[in-house]
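Taking it in order: structure first as structure tokens, then the write-up.
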Amino acid sequence: MNCKITHFMKDLNSLSTEHLEKWFTDESVIWIPPSREISGKNRILALFRAIFRRYEKIEWRVSEIFSLGNDKYFYQTNSYGNLPGNERYENEICTIIEFSKSGQIIYLSDYFKDTKIFN
């Protein structure tokens, strides 16, 4: 059950959109603030490229995973990194994620504990 999230997070931590491609389809929808809800594989991968460029270093560590049933999960992540100029970044994120029967992401939405980074 938790394998999908663990594998997705491993691919996310690679900081390679090539590793993320397999997770999304043209019907996938994600919402990662401060961006609006985005749909479609190409737009989602472009958003991840922009996120990866924003940080000199970024890493996510999943601490808790809860099944909500029907291939939908809620998980908590701690993110650590550095912004340009070595400004330290840390945050706690809660994510709702839903997978298709084939294991691709249908929906992903993040909720951040500390939003001052987005100002």
What accessible area per residue, rounded to a whole number of Å², is obtained for the chain using a probe radius of 1.4 Å? 59
Which aspartates and glutamates does LYS10 reach when only Cα atoms under 12 Å apart count, and residues fewer than 8 places away in its own chain are ignored? GLU59
Pop out the carbon and sulfur fraction of the accessible area of the chain as a percent, whole number, probe 1.4 Å. 49
Ranked highest first by the average count of other Cβ atoms within 10 Å around their residues, in what order do 51-59, 64-72, 93-101 fall? 93-101, 51-59, 64-72
Here are labelled values, (1) 95, 27, 20; (2) 43, 29, 24; (3) 73, 29, 24, and one is the computed Cα extents along the principal axes in Å for what I pasted. Which one? (2)
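The values are calculated or read from the model by the stated rules, or taken from the named source; none is laboratory data. Owing to the predicted nature of the structure, the values given are computational and were not obtained by experimental measurement. Cβ: placed from backbone, ideal geometry, glycine included. Neighbour counts: every protein chain shown. When the accessible area is computed, the model is the full protein with side chains, heavy atoms only, and any ligands, DNA or RNA have been set aside. Shrake-Rupley method; radii C 1.70, N 1.55, O 1.52, S 1.80 Å.
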